[in-house]
Amino acid sequence: MDTLDVVKKAEERGGRERREAIEQVLISARRLGCDMQVGGGQAGGMNLRYGAIGYAILDVNTRGVVKLYASPHPGKEVSEEHRDAVNAFIEGREALEPKSFPVHTYGHLENPIEEIGSEPLVAFVERAVQLIRRSYYEPWRELHEA
(Lines give C-alpha, C1' and ligand atoms only; values in the text may rest on other atoms or scores of the structure.)
Protein backbone atom coordinates (compact mmCIF):
# COMPACT_ATOMS: atom_id res chain seq x y z
CA MET A 1 0.00 0.00 0.00
CA ASP A 2 1.33 3.47 -0.84
CA THR A 3 0.14 6.99 -0.03
CA LEU A 4 -2.29 7.09 -2.94
CA ASP A 5 -3.82 3.76 -1.85
CA VAL A 6 -4.28 5.10 1.68
CA VAL A 7 -6.00 8.27 0.46
CA LYS A 8 -8.24 6.29 -1.90
CA LYS A 9 -9.19 3.81 0.82
CA ALA A 10 -9.91 6.69 3.22
CA GLU A 11 -12.32 8.17 0.67
CA GLU A 12 -14.02 4.81 0.17
CA ARG A 13 -14.52 4.46 3.92
CA GLY A 14 -15.34 8.04 4.87
CA GLY A 15 -16.11 10.05 1.78
CA ARG A 16 -14.60 13.06 0.10
CA GLU A 17 -14.39 15.03 3.37
CA ARG A 18 -12.11 12.42 4.95
CA ARG A 19 -9.88 12.27 1.89
CA GLU A 20 -9.59 16.04 1.69
CA ALA A 21 -8.81 16.41 5.39
CA ILE A 22 -6.08 13.77 5.19
CA GLU A 23 -4.64 15.32 2.04
CA GLN A 24 -4.48 18.79 3.59
CA VAL A 25 -2.69 17.50 6.69
CA LEU A 26 -0.22 15.51 4.57
CA ILE A 27 0.53 18.43 2.23
CA SER A 28 1.05 20.84 5.11
CA ALA A 29 3.25 18.37 6.98
CA ARG A 30 5.40 17.83 3.90
CA ARG A 31 5.88 21.61 3.58
CA LEU A 32 7.18 21.62 7.17
CA GLY A 33 9.74 18.93 6.34
CA CYS A 34 7.88 15.96 7.77
CA ASP A 35 8.21 12.49 6.36
CA MET A 36 5.17 10.34 5.74
CA GLN A 37 5.19 6.59 6.12
CA VAL A 38 2.39 4.25 5.23
CA GLY A 39 1.18 2.65 8.44
CA GLY A 40 0.42 -1.00 8.84
CA GLY A 41 -2.53 -2.68 10.42
CA GLN A 42 -5.92 -3.59 9.09
CA ALA A 43 -7.07 0.01 8.69
CA GLY A 44 -4.00 1.27 6.87
CA GLY A 45 -2.99 4.87 7.33
CA MET A 46 -0.25 7.46 7.40
CA ASN A 47 2.34 8.17 10.06
CA LEU A 48 3.82 11.69 10.14
CA ARG A 49 7.37 11.89 11.40
CA TYR A 50 9.94 14.68 11.67
CA GLY A 51 13.71 14.79 11.61
CA ALA A 52 16.51 12.39 10.87
CA ILE A 53 15.36 9.77 13.38
CA GLY A 54 11.66 10.17 12.68
CA TYR A 55 10.16 11.83 15.74
CA ALA A 56 6.45 10.89 15.88
CA ILE A 57 3.92 13.69 15.46
CA LEU A 58 0.61 12.30 14.24
CA ASP A 59 -0.93 9.14 12.81
CA VAL A 60 -4.20 8.94 10.90
CA ASN A 61 -5.81 5.82 9.48
CA THR A 62 -8.34 5.22 6.73
CA ARG A 63 -11.12 4.94 9.33
CA GLY A 64 -10.42 8.56 10.25
CA VAL A 65 -8.85 7.79 13.64
CA VAL A 66 -6.22 10.38 14.62
CA LYS A 67 -3.42 9.78 17.12
CA LEU A 68 -1.42 12.74 18.48
CA TYR A 69 1.98 12.27 20.12
CA ALA A 70 3.11 14.12 23.24
CA SER A 71 6.25 11.98 23.47
CA PRO A 72 7.78 11.92 20.00
CA HIS A 73 10.32 9.13 20.54
CA PRO A 74 9.80 5.95 22.56
CA GLY A 75 13.48 5.68 23.48
CA LYS A 76 14.11 9.29 24.44
CA GLU A 77 12.76 11.05 27.49
CA VAL A 78 10.56 14.02 26.78
CA SER A 79 10.78 16.99 29.11
CA GLU A 80 7.79 18.01 31.19
CA GLU A 81 7.98 21.38 29.43
CA HIS A 82 7.57 19.67 26.04
CA ARG A 83 4.69 17.47 27.19
CA ASP A 84 2.99 20.41 28.95
CA ALA A 85 3.28 22.53 25.79
CA VAL A 86 1.69 19.78 23.69
CA ASN A 87 -1.14 19.37 26.20
CA ALA A 88 -1.68 23.13 26.46
CA PHE A 89 -1.98 23.29 22.69
CA ILE A 90 -4.48 20.41 22.61
CA GLU A 91 -6.49 21.89 25.48
CA GLY A 92 -6.65 25.24 23.69
CA ARG A 93 -8.25 23.74 20.59
CA GLU A 94 -11.87 22.73 20.99
CA ALA A 95 -11.70 20.47 17.92
CA LEU A 96 -8.82 18.42 19.37
CA GLU A 97 -10.67 16.34 21.94
CA PRO A 98 -8.61 13.36 23.12
CA LYS A 99 -10.30 10.29 24.56
CA SER A 100 -8.06 10.65 27.60
CA PHE A 101 -6.46 13.87 28.84
CA PRO A 102 -3.75 14.88 29.54
CA VAL A 103 -1.81 13.05 26.85
CA HIS A 104 1.31 11.39 28.24
CA THR A 105 2.79 9.45 25.31
CA TYR A 106 0.07 9.57 22.66
CA GLY A 107 -3.66 10.03 22.56
CA HIS A 108 -6.47 9.16 20.19
CA LEU A 109 -8.96 11.87 19.34
CA GLU A 110 -12.68 11.31 19.90
CA ASN A 111 -13.84 12.39 16.45
CA PRO A 112 -12.77 11.23 13.00
CA ILE A 113 -10.53 13.50 10.95
CA GLU A 114 -13.36 14.76 8.72
CA GLU A 115 -15.25 16.06 11.79
CA ILE A 116 -12.11 17.62 13.28
CA GLY A 117 -11.10 19.27 10.02
CA SER A 118 -7.61 19.81 8.71
CA GLU A 119 -6.95 23.27 10.23
CA PRO A 120 -6.55 22.22 13.89
CA LEU A 121 -4.46 19.22 12.85
CA VAL A 122 -2.19 21.30 10.62
CA ALA A 123 -1.76 23.73 13.53
CA PHE A 124 -0.89 20.77 15.78
CA VAL A 125 1.73 19.53 13.30
CA GLU A 126 3.24 23.04 13.13
CA ARG A 127 3.42 23.26 16.93
CA ALA A 128 4.81 19.73 17.29
CA VAL A 129 7.59 20.44 14.77
CA GLN A 130 8.44 23.65 16.62
CA LEU A 131 8.59 21.81 19.95
CA ILE A 132 10.69 18.96 18.55
CA ARG A 133 13.17 21.45 17.14
CA ARG A 134 13.35 23.24 20.48
CA SER A 135 13.49 20.08 22.63
CA TYR A 136 15.81 17.88 20.61
CA TYR A 137 17.71 19.92 18.01
CA GLU A 138 18.49 23.28 19.61
CA PRO A 139 20.17 21.84 22.75
CA TRP A 140 22.36 19.66 20.51
CA ARG A 141 23.29 22.61 18.29
CA GLU A 142 24.10 24.80 21.31
CA LEU A 143 26.27 22.05 22.79
CA HIS A 144 28.25 21.60 19.57
CA GLU A 145 28.62 25.29 18.76
CA ALA A 146 30.13 26.13 22.14
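The values are calculated or read from the model by the stated rules, or taken from the named source; none is laboratory data. Computed from a predicted model, the values in this text were never measured in an experiment. Cβ atoms come from the backbone with ideal geometry, glycine included; neighbour counts cover every protein chain shown. To get the accessible areas, we keep the full protein, side chains included, count just its heavy atoms, and leave off ligands, DNA and RNA. Shrake-Rupley method; radii C 1.70, N 1.55, O 1.52, S 1.80 Å.
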Whenever you get a sec, compute what percent of the accessible area on the stretch 3-145 sits on carbon and sulfur atoms (1.4 Å probe).
44 percent
Once all protein chains are kept in place, residue 32 shows an accessible area at probe 1.4 Å, nearest 10 Å², of 50 Å²
Residue-normalised 222 nm signal for the chain, counting each DSSP H run of n ≥ 4 as -39,500 (n - 2.57), nearest 500 deg cm²/dmol, is -14000 deg cm²/dmol
What list of ³J(HN,Hα) values in whole Hz, one per residue of the stretch 77-85 in order, does the Karplus curve 6.51 cos²θ - 1.76 cosθ + 1.60 (θ = phi - 60°) give from phi, with Gly and Pro shown as x?
5, 10, 6, 4, 4, 5, 4, 5, 5
Defining a contact as two alpha carbons under 8 Å apart and six or more residues distant in sequence, what relative contact order in percent does the stretch 6-69 show?
30 percent
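How do 78-86, 56-64, 42-50 rank on mean C-beta neighbours within 10 Å, highest first? Numbers along the way, then the final one.
Details: 78-86: 15.9, 56-64: 23.3, 42-50: 19.6.
Listed from highest to lowest mean packing, they are 56-64, 42-50, 78-86.
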Long-range HN-HN contacts of residue 39 with modeled amide H, under 5 Å
45, 46, 47
Which of the lysines could be linked to residue 9 by a straight reach, that is with a Cα gap under 21 Å, when you skip same-chain ones fewer than 8 residues away?
67
Quote the charge dipole size of the stretch 3-145 about the Cα centre in Debye, to the nearest 20; the model charges only the Cβ of Lys and Arg (+1) and of Asp and Glu (-1).
440 debye
For mean projected area of the Cα convex hull in nm², one of [x] 10.4; [y] 8.6; [z] 13.4 was computed from the structure I shared and the rest are decoys. Which label?
[y]
Take every Cα pair under 8 Å in the stretch 3-145 that's 6+ residues apart, average their separations, divide by the length, and report that relative contact order as a whole percent.
22 percent
Compute the accessible area per residue over the stretch 3-145, keeping the other protein chains in place, probe 1.4 Å, unit Å².
54 Å²
Name the residue farthest towards the positive end of the dipole of the chain from the options 101, 10, 86, assuming +1 on Cβ of Lys and Arg, -1 on Cβ of Asp and Glu, about the Cα centre.
10
Using only Cα atoms and rounding to the nearest 10 degrees, what angle (0 to 90) does helix 16-31 make with the longest principal axis of the chain?
30 degrees
Protection proxy (average C-beta count within 10 Å per residue), highest first, orders 4-11, 97-104, 123-130 as 123-130, 4-11, 97-104
